[in-house]
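S.K.: My questions all concern the structure below.
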Amino acid sequence: MKFKSLLVPLCISILPLFLAFLNVFDIFDVFFGKGDYPFGSEFFSPFSIYKSKALYVTYNVIFTLLFIVLTILSFKRNWKWFLIVLVIDIVLFCYPIMTNE
């Protein structure tokens, strides 16, 4: 019975944990990798997350923390706050798409 009660939150939290891992990997790539990020380029609008390296890293850290909060809330089965944080995550996901020109 205990396994069945953990199965639903575990299945729900697989995607946020995977995306949090990708964000952490991206942050390490910005600092230690050979990725050529065009920070400060004229291609991006003034409100883009790619305007500076600090803004991009801050965005990714906040995004990663919210994914971890989603995982914790799914295991606590606090669905009201889970949905609120999920909506915030979706808005944060759409923000860079909408701010690029």
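S.K.: Evaluate the stretch 28-49: report whether one residue or more is surrounded by fewer than 16 Cβ atoms within 10 Å (Cβ to Cβ), out of contact with any Ser or Thr (no Cβ under 7 Å at 6 or more places or on another chain), on the phi > 0 side of the Ramachandran plot and assigned to a loop (DSSP other than H, G, I, E, B).
M.R.: no
S.K.: Right, something else. Applying the selection to the stretch 5-47, what residues are touching a helix residue (DSSP H, G or I) at 6+ places or on another chain (Cβ under 6 Å), over 16 Å from V57 (Cβ atoms) and not hydrophobic (A, V, I, L, M, F, W, C)?
M.R.: Scanning the stretch 5-47 gives P9, S13, P16, S45.
S.K.: Further question: Being under 15 Å from the mean Cα position of the chain (by Cα) and either closer than 17 Å to F21 by Cβ or not in a loop (DSSP other than H, G, I, E, B) (or both) is true for just one of F93, F75. Which residue is that? Full working, then the answer.
M.R.: Details: F75 fails: under 15 Å from the mean Cα position of the chain (by Cα).
Step by step, each of F93, F75 is checked, and only F93 is under 15 Å from the mean Cα position of the chain (by Cα) and either closer than 17 Å to F21 by Cβ or not in a loop (DSSP other than H, G, I, E, B) (or both).
S.K.: Which residues, counting only those in the stretch 1-13, are loosely packed, with under 12 Cβ neighbours inside 10 Å and closer than 23 Å to I68 by Cβ? Explain how you work it out, then say what you get.
M.R.: The first filter runs over the stretch 1-13 and keeps only residues loosely packed, with under 12 Cβ neighbours inside 10 Å, leaving 1-7, 11.
If the condition is that a residue be loosely packed, with under 12 Cβ neighbours inside 10 Å and closer than 23 Å to I68 by Cβ, then S5, L6, L7, C11 are the ones that fit.
S.K.: Same structure again: Looking at the stretch 60-83, which of its residues are of a type in the set (S, T, N, Q) and farther than 24 Å from F31 by Cβ?
M.R.: Selection gives T71, S74, N78.
S.K.: Now for a separate question. Could you please tell me which pairs satisfy a Cβ distance under 6 Å, a separation of 6+ or placement on different chains, a first residue in the stretch 82-101 that is surrounded by 15 or more Cβ atoms within 10 Å (Cβ to Cβ) and of a type in the set (S, T, N, Q), and a second residue that is modelled with pLDDT under 90 and not in a strand (DSSP E or B)?
M.R.: Listed by first residue and then by second, the contacts come to T99/S45; T99/F47; T99/S48.
S.K.: Hey, another quick one. Can you list residue pairs whose Cβ atoms sit under 8 Å apart, with the first residue in the stretch 49-68 being modelled with pLDDT of 85 or more and the second being not in a helix (DSSP H, G or I)? Count only pairs 6 or more apart in sequence or on different chains.
M.R.: So the pair list comes out as Y56/Y37; Y56/F39.
The values are calculated or read from the model by the stated rules, or taken from the named source; none is laboratory data. As the structure is a computational prediction, the values presented were derived from the model and not from experiment. Cβ coordinates were reconstructed from backbone atoms using ideal geometry, including for glycine residues, and neighbour counts include every protein chain displayed.
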